Each structure stands twice: as C-alpha cells, then as structure tokens.
Amino acid sequence: MIDVQPPTRIQELIDDDRAVSPIIAVALLVLIAVGFTVALQGVGSDLIGSVEQPPEANIDANPDEDQIRLTVESTENVDILTVNHEGQEIEDSDVALSPEAGNSTVINYEDNINDPDAEAGDQISVVATDLPDNEQVVYTYTIPEEADV
C-alpha cells in the first residue's frame with residue numbers, strides 16, 4: 001500500500017501553477033500607465049513652452065505735408081525697430097528708432113528717403129524684430145497724394 005501524506009505548505013508553493021498574484025499585476029499596469037503619462041506631459045510641456053510670442057509694438061504717427069513723426073508708445077518682445085520705405089530699410093542715422101517707449105523719429109519725405117525717392121502712394125513701415133530672426137510689421141503708412149514730395 002502506498003502511504004500518501006498531506007502536502008506541506010512548501011510543497012503547495014512549489015506546485016502552484018499561477019504566475020503572479022492579480023494584485024501585483026494590476027499594480028504594475030497602473031505604475032506603467034502613470035510613468036507614460038508623466039513622460040508625455042514632460043515632453044508636451046517642453047513643446048508648448050518653446051513657442052515664442054511674436055514681437056509687438058504700438059507706434060503713434062503724426063503725419064504732415066512733408067514728413068511723419070513716429071513715436072514708440074509700447075513694445076513687447078522687441079530687440080530692434082527698423083523704419084522701411086517700400087520694404088527697404090531707411091539707412092539714414094537720423095531715422096533710427098529705438099524700442100524704448102517714448103522714443104521718436106521724424107522722417108522727412110525728401111531729405112531722409114533718397115534711394116529711391118519718395119513718391120505719393122509709397123509705403124513707410126516699421127518692422128519689429130525679436131532676435132535672432134522673428135520679424136513683424138507693426139505699422140504701415142501710405143504717403144498721401146497731397147504730400148509735398
């Protein structure tokens with residue numbers, strides 16, 4: 001006759017066919033999901049935070065028959081302001097416009113603009129630049145027909 005003894009606790013653990021307790025499996029899945037969420041949030045916030053705001057400037061203009069006075073009222077994200085005639089920078093040093101509020105310049109249609117000469121209907125514009133290369137036209141003025149040019 002064969003003597004069968006009741007299984008011991010160690011023997012039960014050895015013979016157990018289950019892989020992992022369901023509680024441990026659920027805990028691991030939750031941990032992995034939270035890890036992915038944190039990683040994606042970190043990458044996403046870096047992408048969102050890197051979007052630059054364009055340069056902005058508020059320019060007040062007082063035109064006259066033969067000139068226009070441009071005054072900087074406010075700026076945001078601006079390193080350089082340039083004054084252009086028909087898309088080309090006016091390189092006369094008397095026309096320089098710094099981005100600090102309150103600064104102004106006077107552009108005489110005949111004296112400050114000479115290549116090409118200013119004509120009625122030409123556009124004078126102010127371009128705000130946020131270095132290294134973010135530019136935006138912040139003001140445009142068309143020289144009127146009755147201007148003395």
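A few remarks follow.
- Any hit, region 35-56, residues being closer than 30 Å to Pro99 by Cβ, out of contact with any helix residue (DSSP H, G or I) (no Cβ under 8 Å at 6 or more places or on another chain), among the charged types (D, E, K, R) and modelled with pLDDT of 75 or more: yes
- Only a single item in (1) surrounded by 13 or more Cβ atoms within 10 Å (Cβ to Cβ); (2) out of contact with any Leu (no Cβ under 9 Å at 6 or more places or on another chain); (3) not in a strand (DSSP E or B) is not met by Glu65, and it is number (1).
- When region 101-141 is filtered for residues that are of a type in the set (Ser, Thr, Tyr), closer than 22 Å to Pro55 by Cα and out of contact with any helix residue (DSSP H, G or I) (no Cβ under 8 Å at 6 or more places or on another chain), the ones remaining, listed by number, are Ser104, Ser125, Thr129, Tyr139, Thr140, Tyr141.
- Sub-7 Å Cβ pairs linking a first residue in region 83-106 that is on the phi < 0 side of the Ramachandran plot to a second residue that is among the acidic types (Asp, Glu) and assigned to a strand (DSSP E or B), at least 6 apart or interchain, are Ala101/Glu73, ordered by first then second residue.
- The residues listed here are Ser45, Ser125; of these, the one that is under 18 Å from the mean Cα position of the chain (by Cα) and either free of Cβ contacts under 8 Å to residues at least 60 places away in the same chain or in a helix (DSSP H, G or I) (or both) is Ser45.
- Checklist (1) touching a helix residue (DSSP H, G or I) at 6+ places or on another chain (Cβ under 8 Å); (2) modelled with pLDDT of 90 or more applied to Pro7, failing item: (2)
The values are calculated or read from the model by the stated rules, or taken from the named source; none is laboratory data. These numbers come from a predicted model, not from an experiment. Cβ atoms come from the backbone with ideal geometry, glycine included; neighbour counts cover every protein chain shown.
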